[in-house]
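Novice: Structure in structure tokens, see below.
Computed from the coordinates by the stated procedures, all read-outs in this text should not be read as laboratory data. What you see is a predicted model; the values in this text were computed from it and never measured. Using ideal geometry, Cβ is built from the backbone for each residue, glycine included, and neighbour counts are taken over all protein chains shown.
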Amino acid sequence: MVSYFINSMKLCIKTKLEYKASVIINSISQFLVFFTYYFMVVALFDKFNNIKGFNLYEIFICFGVIHFGFAFCETFFRGIDRFEDHIINGSLDRFLVRPKNVLLQVLVSEVDFVKVFKAFQALIIIGIGVVKLNMSLDIFKIVTLINMLISSVLIFLGIFIFTASYCFITVDGLEVKNLFTDGGKYLAQYPISIYKKGMFMFFTFIIPYGFVNYYPLLYLIGRTNNKLYMLSPLVTVVFVFLSVLVFNKGLKKYTSTGS
């Protein structure tokens with residue numbers, strides 16, 4: 001399975017590199033787009049010293065973690081992000097007759113590797129936040145930060161899979177998908193405790209952004225010594241598992257395009 005994943009990635013990258021000028025232009029545009037998000041956060045703190053007790057560099061860590069996960073999934077799991085295309089053009093039928101897991105085939109069906117630059121930029125923003133906070137990184141905090149990055153990837157992967165399942169009902173679900181992907185990204189780039197209680201509860205226990213960038217962040221910046229907060233990102237493993245179950249259930253009811 002791992003070799004299949006790697007070989008599929010290589011093939012996608014090789015295909016993209018056939019259009020070098022396009023790759024260069026897209027890479028530059030992705031690089032610049034990310035910094036517009038960054039400058040919006042900086043501009044906000046030009047007017048306010050903190051947001052509900054969180055300063056700029058603490059927000060940087062929160063911001064970087066969320067954007068890293070989103071950029072990673074957009075890069076390596078682009079196929080599931082555009083799942084409706086597989087249904088519309090009939091390529092899902094082709095995946096169904098192959099002796100490979102359908103979800104895995106969809107995940108590696110497309111790689112948009114120019115977006116990987118946004119992931120690297122997100123890591124730089126996290127690094128700036130850690131340095132400016134003079135954070136003492138012991139082994140527990142390093143593990144916490146790694147858990148946050150992994151769980152950020154997992155939560156967006158889970159959301160992509162879950163929203164792909166919606167395409168079995170209707171392929172015109174772009175607005176619903178964007179609500180939880182792009183909308184969730186912009187919402188979760190700040191600690192979710194700044195929002196109203198209803199939103200806080202929803203984005204903690206339904207879509208668990210809170211276990212990605214809020215509870216572990218509190219431990220990372222020293223606002224709590226509870227080591228359970230360090231492990232809270234593991235909740236995203238359950239979220240991905242449930243999303244896969246929903247996808248498989250929808251796949252069983254898929255009746256093909258008839259083409």
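Novice: Using label points projected 7 Å from each Cα along Cα→Cβ, tell me how many nm separate T255 and I142, to one decimal.
Specialist: 5.6
Novice: Tell me, in nm to one decimal, what length is gained between S29 and I124 on full extension, where the rule is 0.36 nm per residue of separation less the Cα-Cα distance?
Specialist: 32.4 nm
Novice: Going 7 Å from the Cα of L242 toward and past its Cβ, which residues in the range 145-160 have a backbone nitrogen under 16 Å from where you end up?
Specialist: 154-160
Novice: Please list, ordered by chain and number, the residues whose modelled amide H lies under 5 Å from the amide H of S109; skip anything fewer than 5 residues away on the same chain.
Specialist: Placed amide hydrogens put G79 under 5 Å from S109.
Novice: With a sphere of radius 15 Å drawn around the Cβ of L133, what net charge do the other residues whose Cβ falls strictly inside it have (Lys, Arg +1; Asp, Glu -1)? Walk me through the numbers before you get to the answer.
Specialist: On the way: positive: K132, K141, R223; negative: E58, D138.
With Lys, Arg at +1 and Asp, Glu at -1, the net is +1.
Novice: Taking the Cα centre as origin and putting +1 on Lys and Arg beta-carbons and -1 on Asp and Glu beta-carbons, what dipole magnitude results for the chain, to the nearest 20 debye?
Specialist: Charge dipole, the chain, about its Cα centre: 360 debye, nearest 20.
Novice: While we're on this one: Using only Cα atoms, locate the centre of the range 72-105 and the centre of the range 111-177, then give the distance between them in Å, rounded to an integer.
Specialist: 21
Novice: Same structure again: Tabulate in residue order the Karplus-calculated ³J(HN,Hα) for the range 79-87, using 6.51 cos²θ - 1.76 cosθ + 1.60 with θ = phi - 60°, rounded to whole Hz; enter x for Gly and Pro.
Specialist: Running phi through 6.51 cos²θ - 1.76 cosθ + 1.60 with θ = phi - 60° gives x, 6, 5, 10, 4, 4, 5, 5, 6 Hz.
Novice: Something else now. Suppose the chain between K196 and N226 were pulled fully straight at 0.36 nm per residue; how much longer would it get relative to their current alpha carbon spacing?
Specialist: The span from K196 to N226 would gain 8.4 nm if fully extended.
Novice: Using the charge dipole of the chain (Lys, Arg: +1 at Cβ; Asp, Glu: -1 at Cβ; taken about the Cα centre), state which of V244, I61, N49 has its Cα farthest towards the positive end.
Specialist: Going by the Cα projections, it comes out as V244.
Novice: Here is a follow-up. Based on DSSP H runs of at least 4 residues, each adding -39500 (n - 2.57), what is the mean residue ellipticity at 222 nm of the chain after dividing by all its residues, to the nearest 500 deg cm²/dmol? Don't skip to the end; give the middle numbers.
Specialist: On the way: 16 runs with 186 residues, N = 259.
After summing the helix terms and dividing by residue count, I get -22000 deg cm²/dmol.
Novice: Would you grab the residues whose amide H sits under 5 Å from the one on C167? Only those 5+ places off in sequence or on another chain, please, with H modelled 1.01 Å from N.
Specialist: none
Novice: How large is the Kirkwood hydrodynamic radius of the chain, counting all unique pairs of alpha carbons, in Å?
Specialist: Computed over the chain, the radius equals 19.4 Å.
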